[in-house]
Amino acid sequence: MNIRRLGAIAGLLVSLAFAGTASAASISYYMDQSNAEPLLPDGVNYLQVTISDATYGLDLNAIRFDVTLLSPLTSIAGSNFGIQTFGFNTTQTVATVLAAITGLPGGWSASSNSNQDGFGKFELVNSGSGSSRQNPTLTFYISGVAGDAPIDYAALSSGNAGQGNVMFAAHVAGFLDQDPGAGELTSAYFGGSTVVPVPAAVWLLGSALGVLAAVRRRVRR
């Protein structure tokens, strides 16, 4: 294969990679731990948290959170099922971020320094009433914090955590009883810090850059 054709292929790979990654920067994590073992075991992806650059109103540099219930929980949904609380942490000043949380659903509010059972103390916790649980996704924004980025909201909880300190935790309620006859298990806390695997487009970009490097070496020779 000649150099010109290699260069064309590399250029196409780069274009395809950037087409998949040119959207706003984002990071994603799974919540794959439960405080209700063994009925709801660890190692299952129960929820996914995605934090991304976004526009909110006139703020072109806001941060967006999407906390989404995944099939292991939606498949056992009962009546009035959904996310009731969500806790996270920050490397920014807590009071500044607390005042900047916006776009919460009706019936929800933000507070600071609250425990999420089994996963420690979280610097920021959004909570809803029993009638305002979010299914399948809780979305909100952080607007007006100068110089922040999605990675500033991926930090571990503090304090005593029987399940281990994690970056995110949520209370999910209203699912079908998972302990019939022995008690009632219709809600639980879930937490985690497991990074969602890098999208294929990023690997494609890496391959394209590798091809381009090979082309340059051949040209120099």
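Take the Cα of residue 195, step 7 Å toward its Cβ, do the same at residue 131, and the gap between the two points is 4.4 nm.
Computed from label points 7 Å out along Cα-Cβ, the spacing between residue 112 and residue 95 is 0.6 nm. Taking amide H positions as modeled 1.01 Å from N, with prolines and chain starts lacking one, the residues under 5 Å from residue 35 and 5 or more places away or on another chain are 189. Expressed as a whole percent, the accessible surface of region 52-117 that belongs to carbon and sulfur atoms is 47, based on a 1.4 Å probe. At the residue level, residue 91 shows approximately 90 square angstrom of accessible surface with a 1.4 angstrom probe and all protein chains present.
For residue 61 and residue 160, calculate 0.36 nm times their separation in residues minus their Cα-Cα distance, and state this gained length in nm to one decimal. Walk me through the intermediate numbers first.
Details: separation 99, 0.36 × 99 = 35.64 nm, distance 3.46 nm.
Roughly 32.2 nm would be gained on extension.
With a Förster radius of 22 Å applied to the beta-carbon distance between residue 182 and residue 76, the computed FRET efficiency rounds to 0.85.
The values are calculated or read from the model by the stated rules, or taken from the named source; none is laboratory data. Computed from a prediction, not measured in an experiment: that's the story for all the values here. Positions of Cβ are backbone-derived with ideal geometry, glycine not excepted, and every protein chain shown enters the neighbour counts. These area figures cover heavy atoms from the full protein model, side chains too; ligands, DNA and RNA do not enter into them. Shrake-Rupley method; radii C 1.70, N 1.55, O 1.52, S 1.80 Å.
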